[in-house]
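Have a look at the structure below before the remarks.
The values are calculated or read from the model by the stated rules, or taken from the named source; none is laboratory data. Just so it is clear, the model here is predicted, and its values are computed rather than measured. Ideal geometry is used to build each Cβ from the backbone, glycine not excepted, and the neighbour counts take in all protein chains shown. Remember, those area values only see protein heavy atoms, side chains included, never the ligands or the DNA or RNA. Shrake-Rupley method; radii C 1.70, N 1.55, O 1.52, S 1.80 Å.
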Amino acid sequence: MPDEENLVSLSGSPIFRYTDGEKEWEAAHGEECIEEISDHIERNIGKIDTVFHEIISDTVHIDVHHVAPTDERPFHTLITSGMSDLPMKVPSEVDAIQYMELMVTLPKHWEIGDEQFEDEDWYWPVRQLKFLARFPHKYDTWLGWGHTLPNGDPPEPFSDNCSFSGVIILPSVNVTEDFHALSIDEEKQIEFYSIVPLYKEEMDMKLRDGADKLLAQFDKYGVSDIVDLNRRNVAKKRFGLF
């Protein structure tokens with residue numbers, strides 16, 4: 001469980017620190033909806049080029065589906081399956097979905113493959129997908145729209161090739177509207193969210209001023225969920241922070 005201190009950011013959002021309480025290792029038992037998710041991806045995004053399978057899985061079995069760039073979609077799309085095998089522990093007073101999968105969108109030049117992923121400079125987005133897909137089940141918590149998660153405490157860059165040190169969970173703007181949700185049955189609907197890397201100052205802005213302020217800055221400077229290692233830090237002005 002999260003540390004039970006009643007911490008609140010300046011914007012009024014709760015802050016949870018997961019200092020302990022991680023569940024012990026437990027072997028996962030396959031995937032319940034991998035076929036439905038695969039069909040959903042190919043129907044709405046494109047042909048799956050590769051699936052990066054886990055050999056040994058803790059709690060949930062997380063695979064990562066890769067849709068390669070095309071003329072119509074000139075970027076890589078990576079989507080998880082397996083996170084939605086278990087419901088997230090959404091508080092009863094919160095109107096949010098219990099079943100989620102995650103995705104990340106990478107530029108065309110990004111190197112994808114088992115050999116390339118031995119280099120953390122190329123692998124860190126996949127590492128984040130796997131970590132975040134397992135996170136709510138390991139800590140009996142949940143992820144939802146606008147949640148931010150730092151890479152450690154204090155936050156550290158994901159790799160030597162970037163300055164991002166956290167992510168925000170948002171709907172992708174680079175998919176069709178139909179892709180955002182997949183209905184499995186009357187009781188289970190899976191929603192798909194993108195992880196968008198953030199600079200430390202952007203995480204601070206969100207905690208201080210709220211997600212709306214950060215997203216307004218994203219709109220102002222044309223920031224989308226396509227990872228751009230050289231994009232502007234929208235929480236910085238020329239002569240300082242907002």
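For the stretch 110-118, the count of residues that are within 28 Å of L198 (Cβ to Cβ), in a helix (DSSP H, G or I) and open to solvent by 30 Å² or more (accessible area, probe 1.4 Å) is nonzero. Tell me which residues, restricted to the stretch 57-75, are of a type outside the set (G, A, S) and in contact with a helix residue (DSSP H, G or I) (Cβ under 9 Å, 6 or more places away or on another chain). If the condition is that a residue be of a type outside the set (G, A, S) and in contact with a helix residue (DSSP H, G or I) (Cβ under 9 Å, 6 or more places away or on another chain), then D58, T59, V60, H61, I62, D63, V64, H65, V67 are the ones that fit.
Considering only residues that are within 16 Å of S81 (Cβ to Cβ) and either touching a Phe, Trp or Tyr at 6+ places or on another chain (Cβ under 9 Å) or assigned to a loop (DSSP other than H, G, I, E, B) (or both), which ones fall in the stretch 176-191?
Listed by number, the residues that qualify are F179, H180, A181, L182, I184, K188, Q189, I190, E191.
Within the stretch 34-83, the set of residues being among the β-branched types (V, I, T), open to solvent by 10 Å² or more (accessible area, probe 1.4 Å) and outside any helix (DSSP H, G or I) comprises I45, I48, T50, V51, I55, I56, T59, T70. Between L143, L106, L129, L149, the distinction of being part of a helix (DSSP H, G or I), among the hydrophobic types (A, V, I, L, M, F, W, C), surrounded by 19 or more Cβ atoms within 10 Å (Cβ to Cβ) and touching a strand residue (DSSP E or B) at 6+ places or on another chain (Cβ under 9 Å) belongs to L129 only. Answer yes or no: is there a residue in the stretch 109-120 that is at pLDDT below 95 and either closer than 13 Å to V227 by Cβ or in contact with an Asp or Glu (Cβ under 7 Å, 6 or more places away or on another chain) (or both). Checking the stretch 109-120: not a single residue is at pLDDT below 95 and either closer than 13 Å to V227 by Cβ or in contact with an Asp or Glu (Cβ under 7 Å, 6 or more places away or on another chain) (or both). Of the residues that sit in the stretch 188-238 and are open to solvent by 60 Å² or more (accessible area, probe 1.4 Å) and within 30 Å of S38 (Cβ to Cβ), which one is farthest from the chain's Cα centre (by Cα)? Across the stretch 188-238, the extreme among qualifying residues is Q189.
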